[in-house]
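Accompanying notes for the structure given below.
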Amino acid sequence: MSASRGAIRAETLHKSFGDLHVLRGVSLTVDKGEVLVILGPSGGGKSTLLRCLNLLVYPDSGQVWVDGVLTTDPRVRPEWVREQVGMVFQSFNLFTHLRAIDNVTLGLRRVKKVPAEEAADVGTRLLERVGLGDKLREFPANLSGGQQQRVAIARTLALNPKVVLFDEPTSALDPEFISEVLDVMTSLAREGMTMVVVTHEMGFAKGVGDHILFLADGEVLEEGPARDLIDHPQRARTRAFMSKILG
């Protein structure tokens, strides 16, 4: 594969924490506008993989490219990488003392030095985009979990990233709020956003995902088109996982 291929590409990533070898030579490529869904059991390395893609965690070995730039080159600033590769976490990580609009615009004002009025216009449009145009002035404590996660998505989009990583974005939500977050993610996918999504929401994986990577024990055990892998997994470990998740 050419290093320039794909919006984001990782090759033979290894990562250990002490004696625990979490990633064991993981490779992936996500083309522009593609939604890659990562499935697998807990402790398989999914979250660590995402964090290696935007350098919240540095891989011990292996390489990552974003839009053709070798981001694991030590000369590349990690802050720049995190602008290009945004991330939405399980927990919302909003600043509780800031209103929704200020949470969304903080990065624009502090990182990109965008004037306050211009940043407010961008933040307003993004909150409207995620269905929260009427919540601009609300503090996180006054928002439901689903609304807080949508604010977090808007905040990530504010820096106009090339790729957005989602680390089980609905796992901390009550069931009644899951669909509103998945609806926003589905809309982003339909608009052409390049996404890497760790999730156990199989309806989203099958209906929105283009490609699935099944990760267990730090290794890619199986990968393929989303519908094919969910309906007809080839490996016994994958079949067992799908049977458990799908009931």
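The values are calculated or read from the model by the stated rules, or taken from the named source; none is laboratory data. Just so we're clear, the structure is a prediction, and the values are computed from it rather than from any experiment. Surface areas here come from the heavy atoms of the whole protein model, side chains and all, with no ligands, DNA or RNA. Shrake-Rupley method; radii C 1.70, N 1.55, O 1.52, S 1.80 Å.
Some values worked out for this structure:
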item	result
Built amide H within the under 5 Å cut-off of V88, gap 5+	L165, F166, D167
Probe 1.4 Å, protein heavy atoms only - accessible area per residue of the chain in square angstrom	46 Å²
Separation between Cα centres of region 175-247 and region 7-62, rounded to whole Å	16 Å
Fraction of beta bridges assigned by DSSP in the chain that are antiparallel (%, nearest 5)	55 percent
Accessible-area composition of the chain, carbon plus sulfur, in percent [1.4 Å probe]	47 percent
Cα gyration tensor, region 168-245 - rounded (a/c under 1.5), prolate or oblate	prolate
Calculated [θ] (222 nm, deg cm²/dmol) that DSSP helices of n ≥ 4 give over the chain, each run adding -39,500 (n - 2.57)	-11000 deg cm²/dmol
Given (1) 52, 46, 34; (2) 57, 38, 33; (3) 52, 42, 34, the label whose value is Cα extents along the principal axes in Å derived from this model	(1)
